[in-house]
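The values are calculated or read from the model by the stated rules, or taken from the named source; none is laboratory data. All of these numbers come straight from a predicted model, not from anything done at the bench. Note that we place each Cβ from the backbone using ideal geometry, even for glycine, and neighbour counts take in every protein chain shown.
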Amino acid sequence: MSARHHTSAELGKRHGRHRRVRGIALTAGLALGALVLASGCKPVAGKPAPPIPTLPTSSTIPAPTSAPTSTETTETTTSAPPSTTASSASPTASSTIKPTSAKPTATQPGPPPGNGTAPAPGTVGFRGDRAKLKVVDGPGSAPPGTTWNSGALRFGGGNVTLENVYVKGGIEYNGKGTLTIKNSVIEGNHFSWSPLLGNSGHINVSDTTITYKDSQWPGDKWGNGAIHGDATVTVQRCDISGTPDGIQNGPGNSTIEQNYIHDLLRAGTYPTNTHNDGIQSYGGPNTVIRYNRIDISADGKAYDGTHQNAAVFIMEGGPGETTGLQIVGNYLAGGGYIMRVSATVRGAIITDNKFGTTAGGWGEAFVDKGATIAAWSNNVSSSNKQINKPS
């Protein structure tokens, strides 16, 4: 788990709040002894420079009419990411923290999932021929009104649509409208803090594969999600992998539906290790998480003793209560606790979820004292046993 991306003015204040131990000590009588669920959140950098280009109120990037001519290249640069507006200097990529798991492998496409079902592997994300996508990999291929910033495609302004593109770098949106991405592939690299970074506005992404394959990181304490930031989001039928977290959502008012989140980056040893979450929400109203397959388990275990925090982690994001939360119809696997709900949640609806194995961990769900659940039903374990509502 890691801190969401903030403006530089918020960094010191919010990191102080988030940089705390979110631990749960087991009683001495348990066979596992006194263990801690999770350590503090990872810091992130401020927004990258240079200034954001301004787009018209609405613009659409047309789909290509023919296959691109450029070919995929391997990123070999070892320079640091762009400077930031944070008061501290930009971090450089770590040479000491190494991944502990292999890169995700491609899965043969299957039929798309039916309505109201969690997807099987290979049934969501971009499912077409990548050779027919328009490649965006430098200033010469950047769409009009955007800036290619040393490996990151940057947007400002209003409404923007990207469709049928293969972005070999990160995407950063700083506008006040909606960035819509359809039927595309995004492969982040160390020049952007996340493959898809939304600092403001709304991100609407569907039927897209979002991953990170660069061996270098944006910073030595990198812990961001593949989709990350202070934008509200609608994420549907996407395949997400390769980053420390899957989706990090700041303000709420977001829908995350029928996605496959898997093969997150497990890296480092305690205490400088990733703390993986499939979805990490920082509170806010009306977050809907439904019909997703989120699997952050590894080697047949929910928790490997170091890296996984939770498949779904709803944490305290600030003053006030978290209302309108729905966690419905998901397959959830991996984590010390596979699902954790913070004390500020009020009236949550948690129904019809299937949980994976708890091997190596402590259980399927933990609800912090003070949280209230309006509906809890038909949540079942890996052995199809009903799970009682946590008290």
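Per the conditions (1) crowded, with 24+ Cβ neighbours inside 10 Å; (2) touching a helix residue (DSSP H, G or I) at 6+ places or on another chain (Cβ under 7 Å), the sole criterion not satisfied by G188 is (2). The residues of the range 255-281 that are on the phi < 0 side of the Ramachandran plot and polar (S, T, N, Q), listed by number, are T255, N259, T269, T272, N273, T274, N276, Q280, S281. Here G198 clears all of (1) over 25 Å from T147 (Cβ atoms); (2) surrounded by 24 or more Cβ atoms within 10 Å (Cβ to Cβ) except the condition numbered (1). The residues listed here are G225, G278, G229, G246; of these, the one that is crowded, with 24+ Cβ neighbours inside 10 Å, touching a residue at least 12 places away in the same chain (Cβ under 8 Å) and in contact with an Asp or Glu (Cβ under 6 Å, 6 or more places away or on another chain) is G225. The single residue among N164, N204 that is polar (S, T, N, Q), in contact with a Ser or Thr (Cβ under 7 Å, 6 or more places away or on another chain), within 21 Å of Q280 (Cα to Cα) and at pLDDT 95 or above turns out to be N204.
Exactly one residue out of Y303, Y270 is buried (at least 24 other Cβ atoms within 10 Å of the Cβ), in a loop (DSSP other than H, G, I, E, B) and either of a type outside the set (V, I, T) or at pLDDT 95 or above (or both): that is Y303.
Kindly establish whether L162 is assigned to a strand (DSSP E or B), touching an Asp or Glu at 6+ places or on another chain (Cβ under 6 Å) and either surrounded by fewer than 21 Cβ atoms within 10 Å (Cβ to Cβ) or of a type outside the set (D, E, K, R) (or both). No: the conditions fail for L162.
Just one of the listed residues (G225, G252) is in contact with a strand residue (DSSP E or B) (Cβ under 7 Å, 6 or more places away or on another chain), closer than 20 Å to T178 by Cα and at pLDDT below 95, and it is G252. In the range 128-159, the residue that is surrounded by the fewest Cβ atoms within 10 Å (Cβ to Cβ) out of those that are within 17 Å of P195 (Cα to Cα) and among the small types (G, A, S) is G138.
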